[in-house]
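Below you'll find the structure, written out as structure tokens, and then a few comments.
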Amino acid sequence: FAPWGVVGEVSRALMPKATARGLSLRSDIAIEVPPFITGDAQHIRQILNNLVGNAVKFTENGGVGLTVIPTSLRGAPALEWVVEDTGIGIPTDKLARIFDTFTQVDSSLTRPFDGLGLGLSISKRLAELMGGHIHVTSAVGQGSSFRLTLPYDHAAGFEPSPIEPPAP
């Protein structure tokens, strides 16, 4: 699959929500990222939809960014999918638990955000099943940065099929 394709799909899916909230949603892929890799595009898309969706939900001003950069993981090639926002941030004492099942930073009945607290725990588990991990840094009032690091294999010799125009 093409990493830029996944980034484009996630951005297109969440742009209306970001625009409705008055937020910018930008994406960037480092030139060194291979055009095609082998990996689990469906689950990567699921994780990114959750991370970017959360970033949009918890950001009131500014914006959200999705960046892909090459890195390595245990000596193997990997991509780091970085979701950064200028949102409300996460208190330091809550960071260790945000990936726990049914956990939310604000669990009060009057909290302004919906959700069951499953998205991050599912995302973490999917990342681990793909041989990677998710790491978060955050500061209250300054935003958060989620880094999804996943190994991949080069799609050597892969040539995408030409797209046939529909018959008239």
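The values are calculated or read from the model by the stated rules, or taken from the named source; none is laboratory data. Bear in mind the structure is a predicted one, so any value in this text is a computation, not a measurement. FYI the Cβ positions are ideal-geometry reconstructions off the backbone, even for glycines, and counts take in every protein chain you see. The accessibility values were calculated without ligands, DNA or RNA, using every heavy atom of the protein model including side chains. Shrake-Rupley method; radii C 1.70, N 1.55, O 1.52, S 1.80 Å.
Summed over the stretch 33-44, residues that are modelled with pLDDT of 95 or more and among the small types (G, A, S) total 1.
L120 meets the conditions (1) modelled with pLDDT under 95; (2) open to solvent by 70 Å² or more (accessible area, probe 1.4 Å); (3) not in a loop (DSSP other than H, G, I, E, B) in every case but one. The failed one is (2). Condition first: within 10 Å of G63 (Cα to Cα) and within 15 Å of the chain's Cα centre (by Cα). Now tell me which residues in the stretch 10-30 satisfy that. Result: A18, L25, R26.
Filtering the stretch 70-83 to residues that are more than 25 Å from A20 (Cβ to Cβ), in a strand (DSSP E or B) and touching a residue at least 40 places away in the same chain (Cβ under 8 Å) leaves P70, T71, L73, A76, P77, A78, L79, E80. Pairs meeting the criteria (first residue in the stretch 15-44 and at negative phi and open to solvent by 90 Å² or more (accessible area, probe 1.4 Å), second residue modelled with pLDDT of 95 or more and not in a strand (DSSP E or B), beta carbons under 7 Å, at least 6 apart or on different chains) are K17/V56; R21/V56.
Counting the residues of the stretch 1-14 that are buried (at least 18 other Cβ atoms within 10 Å of the Cβ) and not hydrophobic (A, V, I, L, M, F, W, C) gives 1. For the stretch 45-60, the candidate set comprises residues that are open to solvent by 60 Å² or more (accessible area, probe 1.4 Å) and at pLDDT 95 or above; within that set, the residue that is nearest to L118 (Cα to Cα) is Q46.
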